[in-house]
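J.: What follows is a structure written as structure tokens; I'll ask about it next.
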Amino acid sequence: MAFASAQRVHSQSIAEINITPLIDVMLALLLIFMLATPVLSGKLPLPLGGRPEAGAPPQTVELTLGTEGQVLRDGRALTAAELEADLVMLAGSGKPVVVQLRPAAATSHQHVVATLSLIRQAGLEQIAIETPR
């Protein structure tokens, strides 16, 4: 009886994966990549930042957006035409200008995006937006 039970155990097939060839292939690829990488990697020329120009600091223009979309500059309300004229004049001055936009907490996103679009169309690139509190 003991002999019969031993035959049953050996007659069942054991499913195994032989990973030795996979490891051989992986090591061969690793060796190829380690040898080929220094040869293939060339230097990529990147523009260097350098130091900023030693000139006057940029002029800061503070714009406050009200809840209904009104734009205030230095406490004075501006119409869309006045704001556009001021921004075009600032962009054409040749001096660096930073626009700080301060929307109120209840200002809709539509008014903020419209004002940003107006600033960009005037040619001003440096815009800072303050998070409403």
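The values are calculated or read from the model by the stated rules, or taken from the named source; none is laboratory data. In this text, all values refer to a predicted model and were calculated from it rather than measured experimentally. Cβ placement follows ideal geometry from the backbone for every residue including glycine, while neighbour counts extend to all protein chains displayed.
J.: Does Val39 satisfy the condition of being in a helix (DSSP H, G or I) and modelled with pLDDT under 85? Before you say what the answer is, go through the steps one by one.
T.: Numbers: in a helix (DSSP H, G or I): yes; modelled with pLDDT under 85: yes.
Considered against the rule, which asks whether it is in a helix (DSSP H, G or I) and modelled with pLDDT under 85, Val39 comes out as yes.
J.: Here's another thing I want to ask about it. Which members of the stretch 80-103 meet the condition of being at pLDDT 90 or above, under 15 Å from Leu65 (Cα atoms) and surrounded by fewer than 17 Cβ atoms within 10 Å (Cβ to Cβ)?
T.: If the condition is that a residue be at pLDDT 90 or above, under 15 Å from Leu65 (Cα atoms) and surrounded by fewer than 17 Cβ atoms within 10 Å (Cβ to Cβ), then Glu82, Glu84, Gln100, Arg102 are the ones that fit.
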